[in-house]
Amino acid sequence: MDHTCSEHICAANVPIFADLGPAELARLHEVIVSRTYPKGALIVAQGDAGGSLHIVRAGRVKINRISPQGKEQILRFLGPGDFFGELSLFSEEPMPFNAEALAEASICTIHKDHVENILRENPETALKVVRALSHRLRETEQLIEDLGIKNSEQRVISLLLQLAAKSGRKDPQGSITIDLVASREELAHLIGTTQETLSRRLSSLEEDGLIAIIGQKKIVLKDPAALEARQFA
């Protein structure tokens, strides 16, 4: 079911809109539509017409492409406050990827025309979008570098550190807990390895006391500094 964000507040807690005042947020809420997608649902499909900015209000989203041969290429995972579809705001090209809900996800959508108005009238917001895109480009470049020069253990460590930086919970003792929404198969695809290799590398890191694996969906980085040092050993 769709809702306007005058009923379901979407923008107030989104980082790129943090500089908007109450009046601007109220105007934005009138044009944003919020929709909840069940786990596994396609939010946008590769080849769809673009023209809107989509913001993850709650839940987790997988961004991927499917090759002509049917092979999946996972590009990134998104969480609350992240956005996608921004490239379609500046071109008429169709969506180059799929966006799939990894768990029940609440998505706020703003049409291109409204986004353009916001960016024209609020330079600080436009700058935040540029910075977010720059950060995303750096992540992509890092992934390409990892795939090209790092071995499988180094790529696994790099993945764990990225997940920790993005959504990990740090405790007073310095360890960081990561909740895994994506499957191990999906995480393996992201870093260009197999599920079996990923599992072996995780087990090795656990045996060495650097991480603790709790079930299938939780990993604790017991010593993040030592883990990072292991990546370059």
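The values are calculated or read from the model by the stated rules, or taken from the named source; none is laboratory data. Treat the numbers as computed from the prediction; the structure is a model and nothing was measured. Using ideal geometry, Cβ is built from the backbone for each residue, glycine included, and neighbour counts are taken over all protein chains shown.
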- touching a residue at least 40 places away in the same chain (Cβ under 8 Å), surrounded by 13 or more Cβ atoms within 10 Å (Cβ to Cβ), part of a strand (DSSP E or B) and in the same structural domain as residue 109 (by TED's automatic domain parsing), is that true of residue 43? yes
- Could you list, in sequence order, all residues of segment 149-186 that are in contact with a helix residue (DSSP H, G or I) (Cβ under 6 Å, 6 or more places away or on another chain), under 18 Å from residue 217 (Cβ atoms) and hydrophobic (A, V, I, L, M, F, W, C)? 156, 176, 178
- Query: Among (1) closer than 29 Å to residue 191 by Cα; (2) at pLDDT below 85; (3) buried (at least 16 other Cβ atoms within 10 Å of the Cβ), which single condition is residue 15 missing?
  - Reply: (3)
- For segment 58-74, the count of residues that are assigned to a loop (DSSP other than H, G, I, E, B) and closer than 26 Å to residue 147 by Cβ equals 6
- Query: Which condition number in (1) under 13 Å from the mean Cα position of the chain (by Cα); (2) part of a helix (DSSP H, G or I) is the one that residue 77 fails?
  - Reply: (2)
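This table checks each residue for (1) loosely packed, with under 14 Cβ neighbours inside 10 Å; (2) out of contact with any Asp or Glu (no Cβ under 9 Å at 6 or more places or on another chain).
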| residue | (1), (2) |
| --- | --- |
| 129 | no, no |
| 134 | yes, yes |
| 138 | yes, yes |
| 143 | no, yes |
| 149 | yes, yes |
| 161 | no, no |
| 164 | no, yes |
| 169 | yes, no |
| 172 | yes, yes |
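Going by what's in this entry, would residue 72 be described as surrounded by fewer than 15 Cβ atoms within 10 Å (Cβ to Cβ) and charged (D, E, K, R)?
On the way: surrounded by fewer than 15 Cβ atoms within 10 Å (Cβ to Cβ): yes; charged (D, E, K, R): yes.
Against the criterion (surrounded by fewer than 15 Cβ atoms within 10 Å (Cβ to Cβ) and charged (D, E, K, R)), residue 72 qualifies.
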- Query: For segment 163-181, how many residues are out of contact with any Leu (no Cβ under 6 Å at 6 or more places or on another chain) and aliphatic (A, V, I, L, M)?
  - Reply: 3
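Just wondering, is there one or more residues in segment 192-202 that are at pLDDT 90 or above and either of a type in the set (Gly, Ala, Ser) or under 16 Å from residue 76 (Cβ atoms) (or both)?
First pass over segment 192-202, keeping only residues at pLDDT 90 or above: 193-202.
Then drop every residue that is not either of a type in the set (Gly, Ala, Ser) or under 16 Å from residue 76 (Cβ atoms) (or both), which leaves 199.
So far as segment 192-202 goes, yes, one or more of its residues are at pLDDT 90 or above and either of a type in the set (Gly, Ala, Ser) or under 16 Å from residue 76 (Cβ atoms) (or both).
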- Message: Which of the numbered conditions does residue 233 fail, given that it passes all the others? Conditions: (1) touching a residue at least 12 places away in the same chain (Cβ under 8 Å); (2) part of a loop (DSSP other than H, G, I, E, B).
- Response: (1)
- With 109, 125 as the choices, which residue is under 19 Å from residue 63 (Cα atoms), among the β-branched types (Val, Ile, Thr) and in contact (Cβ under 8 Å) with a residue 24 or more places away in the chain? 109
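Criterion first (outside any loop (DSSP other than H, G, I, E, B), among the β-branched types (Val, Ile, Thr), under 21 Å from residue 167 (Cβ atoms) and in contact (Cβ under 8 Å) with a residue 60 or more places away in the chain) does residue 55 satisfy it?
Numbers: outside any loop (DSSP other than H, G, I, E, B): yes; among the β-branched types (Val, Ile, Thr): yes; under 21 Å from residue 167 (Cβ atoms): yes; in contact (Cβ under 8 Å) with a residue 60 or more places away in the chain: no.
Here the answer is no, as residue 55 does not meet what is asked.
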